[in-house]
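These notes concern the structure reproduced below.
The values are calculated or read from the model by the stated rules, or taken from the named source; none is laboratory data. Remember, it's a predicted structure, so these values are computed and weren't measured experimentally. For neighbour counting, all protein chains shown are included, and Cβ atoms are generated from backbone atoms with ideal geometry for every residue, glycine included. When the accessible area is computed, the model is the full protein with side chains, heavy atoms only, and any ligands, DNA or RNA have been set aside. Shrake-Rupley method; radii C 1.70, N 1.55, O 1.52, S 1.80 Å.
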Amino acid sequence: MDISVVIPLYNEEESIPELHSWIERTMEENGFSYEIIYVDDGSTDNSWEIITQLKEKSDRVKAIKFQRNYGKSPALHCAFQKTKGDVVITMDADLQDSPDEIPELYRMVKEDNYDLVSGWKKKRYDGTFTKNIPSKIYNATARAVTGIKLHDMNCGLKAYKQEVVKNIEIYNDMHRYIPALAKNAGFTRIGEKVVQHSPRKYGKTKFGMSRFFNGYLDLLTLWFLSVFGRKPMHFFGILGSLMFLIGFIAIIFVGASKLYAMKHGLGYRLVTDSPYFFLSLTAMIGGTQLFLAGFLGELVSRNSANRNDYHIEEEF
């Protein structure tokens with residue numbers, strides 16, 4: 001099979017029939033063999049009934065229905081396990097992503113040998129000051145942290161090699177950073193394509209400003225896991241040891257200062273009256289706790305079922 005099209009959706013009953021017809025027309029015009037996988041993320045409208053009707057008309061349609069709204073990441077994760085196409089295309093169901101982009105995305109993966117191609121909505125029709133500025137800051141930060149030079153990390157329109165979607169795990173809200181997850185798994189050929197963006201035709205957007213704040217927290221998590229996920233002691237152990245050493249040297253200095261004052265008949269006060277004593281003690285305790293956190297992290301990592309889960313590209 002050439003292509004698997006994955007479409008996560010939530011309350012998109014009005015746009016599904018039009019999107020489905022558009023995808024079918026594009027596939028038939030280009031002679032692709034394909035499947036379309038819809039993931040109904042707990043819709044409360046008639047989205048599932050419409051998908052059921054589409055399934056009755058075509059055996060190319062597959063569908064997953066969640067009991068409640070879990071989010072885009074679980075939807076993509078479940079769909080990726082069911083894909084059979086050589087190239088997997090993800091797109092949103094709101095008609096803002098154009099199926100006409102599919103042939104070129106497919107070509108870039110198959111002929112240009114990209115592992116992943118991400119869309120870039122260079123000209124947007126839903127842009128507002130409160131959305132565009134945070135989005136630009138967010139993408140600039142993501143580029144700096146991940147080292148992946150994409151203009152729109154969170155674009156829903158993407159194309160993947162089959163082995164990419166089978167070797168990455170998307171959880172929480174990590175769908176925003178699929179290119180980074182792919183890079184961490186060893187798929188480094190990541191490209192970008194300017195894609196057409198259309199105004200929302202039906203309904204209203206499902207995203208709020210909270211996604212930007214959550215996005216930064218997820219980015220920090222991704223950075224930490226990619227750098228120290230398998231070796232937590234390298235982070236906590238070094239930082240804890242450094243804090244303990246600074247506190248230990250400081251507390252020795254406090255004690256030595258008192259002994260010096262006593263020996264030379266100078267005025268002095270109790271060690272416990274000095275604020276530096278408590279600062280030093282706090283640093284030592286904090287350092288010990290960080291070191292123990294790293295040690296516990298190592299124990300968890302060593303006992304993890306995925307501790308030797310490496311992706312082998314080729315074997316003879």
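The figures follow:
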item: Reciprocal of mean inverse Cα separation for region 243-304 (Kirkwood radius, Å); result: 13.3
item: Cα centroid separation - region 1-76 against region 155-197, whole Å; result: 20
item: For the chain: relative contact order, % (alpha-carbon pairs under 8 angstrom, 6 or more apart); result: 17
item: Accessible area (Å², 1.4 Å probe, nearest 10) - Met27; result: 0
item: Computed helical MRE - 222 nm, the chain, DSSP H runs ≥ 4 contributing -39500 (n - 2.57), nearest 500; result: -16000 deg cm²/dmol
item: In Å², nearest 10: area of Ile238 left accessible to a 1.4 Å probe; result: 110
item: Positive dipole terminus of region 155-207, leading residue within Tyr171, Ser198, Gly186 (C-beta point charges); result: Ser198
item: Segment Tyr171-Leu242, length gained on full extension (0.36 nm per residue, minus Cα span); result: 22.2 nm
item: Cα gyration tensor shape of region 1-147, rounded if a/c is under 1.5, else prolate or oblate by comparing a/b with b/c; result: oblate
item: Descending semi-axes in whole angstrom, ellipsoid equivalent of region 20-83, from the Cα gyration tensor; result: 22, 14, 9
item: Extension reserve of the Tyr276-Asn113 stretch, reckoned as 0.36 nm per residue once the Cα distance is removed; result: 52.6 nm
item: For the chain, share of DSSP beta bridges that run antiparallel, in % to the nearest 5; result: 30
item: Sequence of Asp273, Asp92 when ordered by accessible area, the most exposed leading, probe 1.4 angstrom; result: Asp273, Asp92
item: Label-point gap, in nm, between Ser198 and Thr52 - each point 7 angstrom along Cα→Cβ; result: 2.7
item: Accessible-area order (highest first, 1.4 angstrom probe) of the listed residues Leu290, Leu266; result: Leu266, Leu290
item: Cα-only Debye scattering, the chain: base-10 log of I(q)/I(0) at q = 0.07, 0.08, 0.14 Å⁻¹; result: -0.40, -0.49, -1.09
item: Axial C-alpha extent at least 18 Å, average Kyte-Doolittle at least 0.5 - helices from the chain (DSSP); result: 210-228, 233-263, 275-302
